[in-house]
Amino acid sequence: MSKNIYIESLVALGGKKNKDAIDYVADQLVIRNKGTKIEYTVKKVRLGRDGKPVVVCYRYYGPDKNNKKTYMRIHPKDFDKYEPV
């Protein structure tokens with residue numbers, strides 16, 4: 001898949017293009033790990049030098065959303081472990 005197709009698809013999902021990433025301002029794009037069922041909010045998608053996307057997402061610690069966030073990166077080899085919510 002070409003870099004432009006990634007960018008167009010991510011913008012269509014509500015992202016805003018900046019210099020080196022697609023940012024998600026609102027918490028609208030949520031993904032779930034198929035094995036653990038843990039849900040993550042997508043913060044941005046960066047395109048690497050090789051043109052492949054890396055998803056930067058987060059989830060909250062604890063029972064309420066006033067707690068700290070933990071961030072993680074999902075690389076293309078792990079995309080099949082996640083699904084949209």
> So for the pair residue 30, residue 66, with labels modelled 7 Å out along Cα→Cβ, what separation do we get in nm?
Replying inline: 2.1 nm
>> Under a crude label model (7 Å from the Cα following the beta-carbon direction), how far is residue 17 from residue 39 in nanometres?
In response: 3.0 nm
> Looking at the stretch 15-85, which chymotrypsin sites (Phe, Trp or Tyr not before Pro) are in a loop (DSSP not H, G, I, E or B) and have at most 13 other Cβ atoms within 10 Å?
Replying inline: 61
>> Output wanted: per-residue J couplings in Hz (rounded whole) for the stretch 69-85, from phi through Karplus 6.51 cos²θ - 1.76 cosθ + 1.60, θ = phi - 60°, x for Gly and Pro.
In response: 9, 10, 9, 8, 10, 10, 9, x, 5, 9, 4, 5, 8, 10, 9, x, 9
>> I want to check the label-to-label distance for residue 77 and residue 50. Put each point 7 Å from Cα in the C-beta direction and report it in nm to one decimal.
In response: 0.8 nm
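The numbers here are math on the coordinates, done by the rules we state, and not lab data. Computed from a predicted structure; not experimentally measured. Because the Cβ atoms are built from the backbone with ideal geometry, glycine has one as well, and the counts that use them run over all protein chains shown.
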